[in-house]
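Enquirer: Got a structure for you, questions after.
Read-outs throughout are calculated quantities, based only on the coordinates presented, and are distinct from any laboratory measurement. Nothing here was measured: the structure is a model prediction, and the numbers come from that model. All Cβ positions, even for glycine, are placed from backbone atoms using ideal geometry, and neighbour counts span all protein chains on display.
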Amino acid sequence: MRAWTAGLMLLVLTCAASAQSLVPQTDAGSLPVEATPTADPPPQETVVAGLSSDSVAITASFDGSEILIYGAIKRETPIPDGPPVQVIVTVEAPSSSVTVWRKERKAGIWINAESVRIGAAPGFYAVATSAALDDILLPEWDNRYRISLSHAMRAFAGQVAVESAVPFTEALIRIREDEGLYRLDEGSVSLIDQTLFRADVSLPANLVEGAYKTRIFLLRNGEVIDVFVAPINVRKVGLERWLYRLAFDQPFLYGLMSLSVAVFAGWGASAAFRKLRRP
Amino acid sequence: MQIFLPIAEVSVNAFILVGLGGLVGLMSGLFGVGGGFLITPLLFFIGIPPAIAVATGANQVVASSVSGVLAHVKRKSVDFRMGGVLLAGGLVGSWLGVWVFTILQQVGQVDLVVQLCYVFFLGLIGAMMLQESVRALRRSSKPGHRKRLHQHNWVHRWPVKVKFRASGLYISVFPPLLVGLAVGVLAAIMGVGGGFIMVPAMIYLLGMPTKVVVGTSLFQITFVTAFTTVMHAVSYNTVDMMLAVLLIIGGVVGAQFGTTLGARLRAEQLRILLALLVLAVCGKLALDLFLTPDDLYSIQQGIT
């Protein structure tokens, strides 16, 4: 198994560019209408997958990271007829609460006026697909597994005081998309012969730490037929970790330490200047 | 060289930070200002979250004012009693300021108030400096024309008078307490030492002789910003040591170049340059307030 995945990695790494062209093109109109989510036969196709690394270390020189998610579709029977199998890969940071503010002009200046509080929105959310998302995923399955970006956040905290929260949640998605924190990469999963797939997900430099979650969805006819979940542990290491923990666990000590660094630097500077001026 | 700041949780170019510190250090060496009022808005511009810019700015001011005050203690140009009274006011003010900061954070208006404070004070100080240095440049050919040491005004009629020997003053403790208080509040909200506000207040309001003003204000600033740093660190965990160290390194080197450069240039021209720079920063911040923003929406972490 190990040797096989290593071989696959080598294969896909060396011919990533050419693999791109092997992605089967989905015909949008080919989704059968009779597909019903309720009558699930036992899955005939399952996902076997691995990650290039199951942890990301944020060091002082951290400048983003790339994670390779690769795998294969395991089946006992021959490849079924009909539209090809599709793969969606999501990588999701732990959720935290955010407040979205809207500015309004008051007395000539722009100030924060209305806000919507969102209970949980992931700090990072990337969706990679093997074809256009709307073509390969039915809305009811999207609702069930919360796959698309608009499903990334949940639960409004407290009362929603504004007329419509939609522009606020859209703004949150748009701002985080601009910052590279939310991303939908359609067609970025390479799928070879309906069996092998790989996805490269790049993590931006402004990452928060925590337990990230990778989900791999196997789809046929717009329905999810198998899910594979793997964790990615993102954490600060070394000096970054030490400073961060100190700042939050021992804030008083940390404050005193920042002070002594400043005092020492100031004193050292004045002493050094005096020496330099009177050689 | 990109560096990941552990508290701000953003990746920025380390050379830009050292450069910024150096630029501000150059200013402080050239003009004798702490530079806190420049470093904080500059940190806003490069995308450091305001709360972290303010707290870390205060930490950086500690470094520059310590090196300044040591020089003044050697020259015996620090009025410790006056500094102590200003400091007492300043500590209460700083505590009040951090408290005000909390309320502002809860109602989502930190950015607005910090920006308004900056626009107001930078505009005021910049205009005053420009006016004064242009006037000084005009009559630089004919020096002389000395002002009186200080004028007695309403401030000197208040009760509880105290003798401030080094300043040669016998005035009520309340005016210096109030000045200290106001500067402390501003220091906590704006992340500055407040020297650029305190120095004019000491000269024009309290009537202190110019000789001891800078040393005494630096003395007070050192302690108020130190207190502010610890308060911010304890209440909000917003002091980023990595950021502070990079700024301080730049500042120390910059100040050295500033001092040597300052000795070669004419003081009036320098002050016009500083005034223009202050007004430019002010103008940029003001435009952000008045022009329609690119994005009406903004995100704040957490639920307030």
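Enquirer: Name the residues whose placed amide hydrogens come within less than 5 Å of the amide hydrogen of A:R183, ignoring near sequence neighbours (fewer than 5 apart) on the same chain.
Expert: For A:R183, whose amide H was placed from the backbone, the distant partners under 5 Å are A:Y125, A:A126, A:V127.
Enquirer: If you plug each phi of segment A:212-228 into the Karplus form 6.51 cos²θ - 1.76 cosθ + 1.60 with θ = phi - 60°, what whole-Hz ³J(HN,Hα) values come out, in order, with x for Gly and Pro?
Expert: 8, 10, 9, 10, 10, 10, 9, 10, 9, 6, x, 10, 7, 10, 7, 10, 10
Enquirer: Magnitude of the Cβ-charge dipole of segment A:237-279, K/R +1 and D/E -1, about the Cα centre, nearest 20 debye?
Expert: Computed about the Cα centre, the dipole is about 420 debye.
Enquirer: Can you give the translational diffusion coefficient of chain B in µm²/s, computed by Stokes-Einstein from the Kirkwood radius over Cα pairs at 20 °C and 1.002 mPa s?
Expert: Working: Rh = 19.9 Å.
Once the numbers are plugged in, D ends up at 108 µm²/s.
Enquirer: Under 24 Å between alpha carbons, and skipping anything fewer than 8 positions from B:K163 in its own chain: which lysines qualify?
Expert: B:K74, B:K76, B:K147, B:K211
Enquirer: Now for a different question. Test of understanding: ordering A:T46, A:T129, B:T238, B:T292 by Cβ neighbours within 10 Å, fewest first, what list do you get?
Expert: If I rank by nearby Cβ atoms, fewest first, I get B:T292, A:T46, B:T238, A:T129.
Enquirer: Something else about it: Select from segment B:210-304 those trypsin sites (Lys or Arg not before Pro) which occupy a DSSP coil region and have at most 14 other Cβ atoms within 10 Å, ordered by residue number.
Expert: B:R266
Enquirer: Over 25 Å apart: what share of the alpha carbon pairs of segment A:84-190 falls there, rounded to a whole percent?
Expert: Working: 1659 of 5671 pairs.
Counting every Cα pair in segment A:84-190, those more than 25 Å apart make up 29 percent.
Enquirer: A further question on this structure: Can you work out the Karplus-derived ³J(HN,Hα) for every residue in segment B:10-19? Use 6.51 cos²θ - 1.76 cosθ + 1.60 with θ = phi - 60°, whole Hz, and x for glycine or proline.
Expert: Whole-Hz 3J(HN,Hα) from phi for segment B:10-19: 10, 9, 10, 6, 4, 5, 4, 5, 4, x.
Enquirer: Plugging the Kirkwood radius over Cα pairs into Stokes-Einstein for segment A:135-279, at a temperature of 37 °C and a viscosity of 0.692 mPa s, what D comes out in µm²/s? Don't jump to the answer; show the numbers that get you there.
Expert: Values: Rh = 20.6 Å.
The Stokes-Einstein estimate is 159 µm²/s.
Enquirer: What average count of beta carbons from other chains do you get within 10 Å of the Cβ of residues in B:58-68?
Expert: 6
Enquirer: Relative to the Cα centre, what is the charge dipole magnitude of chain B, using +1 at the beta carbon of each Lys and Arg, -1 at the beta carbon of each Asp and Glu, and rounding to the nearest 20 debye? Walk me through the intermediate numbers first.
Expert: Values: 20 positive and 9 negative charges, 441 e Å.
For this selection, approximately 2120 debye.
Enquirer: Here is a further query. Taking the Cα centre of the protein assembly as shown as the origin and placing charges on Cβ (Lys, Arg +1; Asp, Glu -1), which of A:A230, A:I147, B:A286 is farthest toward the positive end of the dipole?
Expert: B:A286
Enquirer: Looking at B:Y170, B:F227, B:V192, which one has the Cα that reaches farthest to the positive end of the dipole of chain B (charges on Cβ: Lys, Arg +1; Asp, Glu -1)?
Expert: B:Y170
Enquirer: Let me ask something additional. Which number do you get for Rg(Cα) / (2.2 N^0.38 Å) in segment A:237-279?
Expert: Expressed relative to 2.2 N^0.38 Å, the Cα Rg reads 1.64.
Enquirer: Related question: When only DSSP loop residues count, what trypsin sites (Lys or Arg not before Pro) in segment B:1-95 have their Cβ near at most 12 other Cβ atoms within 10 Å? Spell out each step's value before the answer.
Expert: On the way: sites: B:K74, B:R75, B:K76, B:R81; in loops: B:R75, B:K76.
Taking segment B:1-95 and a limit of 12 other Cβ atoms within 10 Å, the loop trypsin sites (Lys or Arg not before Pro) found are B:R75, B:K76.
Enquirer: Take the Cα atoms of segment B:212-304, find their three principal axes, and give me the spread along each one in whole Å, biggest first.
Expert: In descending order, the Cα extents are 52, 36, 26 Å.
Enquirer: With +1 on each Lys and Arg Cβ and -1 on each Asp and Glu Cβ, how big is the dipole of the protein assembly as shown about its Cα centre, in debye rounded to the nearest 20?
Expert: Charge dipole of the protein assembly as shown: 5560 debye, to the nearest 20.
Enquirer: Which ³J(HN,Hα) values, rounded to whole Hz and listed in residue order, are derived for segment A:75-91 from phi using the Karplus coefficients 6.51, -1.76 and 1.60 in 6.51 cos²θ - 1.76 cosθ + 1.60 with θ = phi - 60°, glycine and proline given as x?
Expert: Taking θ as phi minus 60°, the curve returns 9, 8, 9, x, 4, x, 6, x, x, x, 5, 10, 10, 10, 10, 10, 10 Hz for segment A:75-91.
Enquirer: State the three equivalent ellipsoid semi-axes of the protein assembly as shown, derived from the C-alpha gyration tensor as the square roots of 5 times its eigenvalues, in descending order and whole Å.
Expert: Values: eigenvalues 700, 120, 80 Å².
In descending order the semi-axes read 59, 24, 20 Å.
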